[in-house]
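Working notes, beginning with the structure itself.
The values are calculated or read from the model by the stated rules, or taken from the named source; none is laboratory data. These numbers come from a predicted model, not from an experiment. Here the Cβ positions follow ideal geometry from the backbone for every residue, glycine too, while neighbour counts run over all protein chains shown.
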């Protein structure tokens with residue numbers, strides 16, 4: 001299989017399936033469609049559009065050309081194709097709850113996404129403090145993430161959201177990175193989960209690659225004019 005992704009420093013949607021497949025030792029070939037712009041005539045759109053009518057990353061492509069796009073669809077496809085690896089929790093209720101929180105992440109948390117764009121290389125604590133002070137919706141989104149994680153960890157006993165590492169942990173990996181970049185305040189139990197999530201094999205590998213990119217894309221950088 002091939003997995004088409006965008007820049008690792010910025011592309012939160014790409015991060016999820018890449019981290020998931022890597023964490024579970026599912027072999028794939030990475031294909032990078034680097035962001036130049038998102039205009040219809042950009043090289044990025046030309047590359048992605050050849051594989052997916054949605055024109056967005058990520059895209060998973062089988063050897064025969066069969067393509068699956070959208071992060072959650074890719075995760076579900078991998079869970080069915082590699083059923084023995086238990087990408088979702090094995091317990092039926094935990095599995096249903098894991099799907100619920102992934103769906104909530106997929107369709108919600110707009111303020112958190114918009115105000116705190118993923119930028120793994122950056123350290124922006126002052127921005128984090130200012131945005132939280134000024135934006136009630138961002139505060140509400142962060143509070144909901146904290147409550148969601150605390151509930152899952154309390155019910156499962158950890159170390160990950162539903163016990164063993166699952167799609168849910170990969171799905172929230174970009175939120176973990178946002179919390180770190182912007183130094184968003186979280187309680188001690190959530191800080192401990194974040195450290196475990198960052199140390200997980202798939203996420204740790206993604207972070208290493210993101211830090212090695214050394215690219216600065218102004219259209220992805222609302223809070224800086226250059227890299228430090």
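Residue 198: closer than 21 Å to residue 17 by Cβ and buried (at least 20 other Cβ atoms within 10 Å of the Cβ), yes or no? Criteria not met by residue 198.
In the range 86-118, of all residues being over 30 Å from residue 132 (Cβ atoms) and in contact with a helix residue (DSSP H, G or I) (Cβ under 8 Å, 6 or more places away or on another chain), the one that is surrounded by the fewest Cβ atoms within 10 Å (Cβ to Cβ) corresponds to 94. Among the numbered conditions (1) at pLDDT 95 or above; (2) under 16 Å from the mean Cα position of the chain (by Cα), the only one that residue 82 does not meet is (2). Scanning the range 33-62 for residues that are at pLDDT below 95, in contact with a strand residue (DSSP E or B) (Cβ under 9 Å, 6 or more places away or on another chain) and either surrounded by fewer than 12 Cβ atoms within 10 Å (Cβ to Cβ) or not in a loop (DSSP other than H, G, I, E, B) (or both) yields 47, 48, 53.
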